[in-house]
1. Which one is surrounded by the fewest Cβ atoms within 10 Å (Cβ to Cβ) among residues in region 34-67 that are under 14 Å from the mean Cα position of the chain (by Cα) and small (Gly, Ala, Ser)?
2. Restrict the check to region 31-45 and report whether at least one residue is part of a helix (DSSP H, G or I) and of a type in the set (Lys, Arg).
3. If you take the residues in region 1-33 that are acidic (Asp, Glu) and at pLDDT 90 or above, which one is surrounded by the fewest Cβ atoms within 10 Å (Cβ to Cβ)?
4. Looking at Val60 and the list (1) in contact (Cβ under 8 Å) with a residue 12 or more places away in the chain; (2) in a loop (DSSP other than H, G, I, E, B), which single condition is not satisfied?
Amino acid sequence: MTEKQPSILFRLDPRSGIAPYRQLVDQVRRAVETGRLRGGDQLPSVREVVGQVTINPNTVHRAYRELENRGLAEGRLGLGTFVTENPDVHATEAGNVELIRQLQLWAKRARAAGLLDDDMLELLRQILNRDERVRS
C-alpha cells in the first residue's frame, strides 16, 4: 500500500511577524495561483497539518474558514476541505502572479544590496503608510 502524498506541504516562519493562520492561507493562495493546486484538489486534513507544522488545530480551522470565505476552498461534510472549482475566483488570484514575481525579484535585489528581511519589511511598511496618507 502506498502512502498518499499531501497536496501541499505547509511551512511556518515564526519570525515573519505574520499570523500562522495567515501564512497557511497565503501558501494555499500561492499554490492556486501557480497551478500547484487546482479545483477539486483536497487540502490536508487538520490533523495532517498539525502533524506537519506543530500548530494548534483551531489555527488550521481558522485558515480553512478564511479560504472558504474567500471562495478558494469548500468544506465537504465527512470528506474534507477542497480547492473550489470556481474559475472566476482563480482568475482573480492568478492575476497576482506577475505582481508576486516582481516582488520576488525586488526582494532578491534588495538582499543582494545587503538589506535584511526586517529592513525590507520596514521599507514596505513606510511605503504603504506614505501611500495611505496620500489617499486620505
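The values are calculated or read from the model by the stated rules, or taken from the named source; none is laboratory data. Keep in mind it's a predicted model, so treat the numbers as computed, not measured. Heads up, the Cβs are rebuilt from the backbone with ideal geometry, glycines too, and the neighbour counts pull from every protein chain shown.
1. Gly35
2. Among the residues of region 31-45, not one is part of a helix (DSSP H, G or I) and of a type in the set (Lys, Arg), which makes the answer no.
3. Among those residues, the one meeting the criterion is Asp13.
4. Here Val60 clears every test but (2).
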